[in-house]
1. Do the conditions hold for ILE98, that is, is it under 21 Å from ARG37 (Cα atoms), open to solvent by less than 40 Å² (accessible area, probe 1.4 Å) and aliphatic (A, V, I, L, M)?
2. Looking at PRO29, is it at pLDDT below 95, under 16 Å from the mean Cα position of the chain (by Cα) and not polar (S, T, N, Q)?
3. Within segment 50-60, is there a residue that is exposed (fewer than 15 other Cβ atoms within 10 Å of the Cβ) and either among the polar types (S, T, N, Q) or assigned to a strand (DSSP E or B) (or both)?
4. Within segment 61-78, identify whether any single residue is open to solvent by 30 Å² or more (accessible area, probe 1.4 Å), touching a residue at least 40 places away in the same chain (Cβ under 8 Å) and among the charged types (D, E, K, R), and answer yes or no.
5. Give the residue, chosen from THR72, THR66, that is more than 17 Å from ARG37 (Cβ to Cβ) and assigned to a strand (DSSP E or B).
6. Just checking, how many residues over segment 85-127 are over 14 Å from the mean Cα position of the chain (by Cα) and aliphatic (A, V, I, L, M)?
7. Restricting attention to segment 38-49, and to residues there that are part of a strand (DSSP E or B) and open to solvent by 30 Å² or more (accessible area, probe 1.4 Å), which single residue is farthest from GLN125 (Cα to Cα)?
8. Which residue pairs have Cβ atoms under 9 Å apart, sit 6 or more places apart or on different chains, and have a first residue in segment 101-127 that is farther than 19 Å from ILE38 by Cα and a second that is surrounded by 15 or more Cβ atoms within 10 Å (Cβ to Cβ) and among the basic types (Lys, Arg)?
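The values are calculated or read from the model by the stated rules, or taken from the named source; none is laboratory data. What you are looking at is a predicted structure, and each value in this text was computed from that prediction instead of being measured. Cβ coordinates were reconstructed from backbone atoms using ideal geometry, including for glycine residues, and neighbour counts include every protein chain displayed. Each accessible area value is taken on the protein alone, full model and side chains, heavy atoms only, with ligands, DNA and RNA left out. Shrake-Rupley method; radii C 1.70, N 1.55, O 1.52, S 1.80 Å.
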Amino acid sequence: MKSTIFSVVLAGGLIFGAFFFTGRTGDLPTTSVDPVRIVDGIQIVSLSAKGGYYPKTSVVSAGVPTVLRVNTSGTFDCSSSIRIPDMNISKQLPSSGITDINLGTLSQGTIVGSCGMGMYFFEIQAK
């Protein structure tokens, strides 16, 4: 009897887990597309904001005008507020849409950004 109950509970847990977790990573980018491209002489760094920032690290060319393009899609957590303290940038993002943030012409080094609460981080490495 105990083994039957255990089997039923285990099977229910597996079914619930498969149902609950299937597709949950659909919010996260799964491809390895380069998030940096140059359009009309401006370097565009694409960043997704929802439950954190993706990709965590982007590598750009120093000495090129740079725009951080942040994409939100149903973002209601703290990643909807972006901060780059070293550049004195603090911006509230819309829950869905694209927001461009002008970073200017970057020198060599690493820029660290975070959400408004300092829980989620991303970095842009200029080389």
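1. no
2. Numbers: at pLDDT below 95: yes; under 16 Å from the mean Cα position of the chain (by Cα): yes; not polar (S, T, N, Q): yes.
Answer is yes for this residue.
3. Yes.
4. Scanning segment 61-78, I find no residue that is open to solvent by 30 Å² or more (accessible area, probe 1.4 Å), touching a residue at least 40 places away in the same chain (Cβ under 8 Å) and among the charged types (D, E, K, R), so the answer is no.
5. Result: THR72 is the single residue among THR72, THR66 that is more than 17 Å from ARG37 (Cβ to Cβ) and assigned to a strand (DSSP E or B).
6. Of the residues in segment 85-127, 8 are over 14 Å from the mean Cα position of the chain (by Cα) and aliphatic (A, V, I, L, M).
7. Here is the first cut: in segment 38-49, the residues part of a strand (DSSP E or B) are 38-39, 42-49.
From the residues that got through so far, the ones that are open to solvent by 30 Å² or more (accessible area, probe 1.4 Å) too are 38-39, 42, 46, 48.
Working: ILE38: 16, VAL39: 19, ILE42: 16, SER46: 14, SER48: 17 Å.
This residue is VAL39.
8. Listed pairs, sorted by first residue: GLY113/ARG83; SER114/ARG83; CYS115/ARG83; GLY116/ARG83; GLY118/ARG83.
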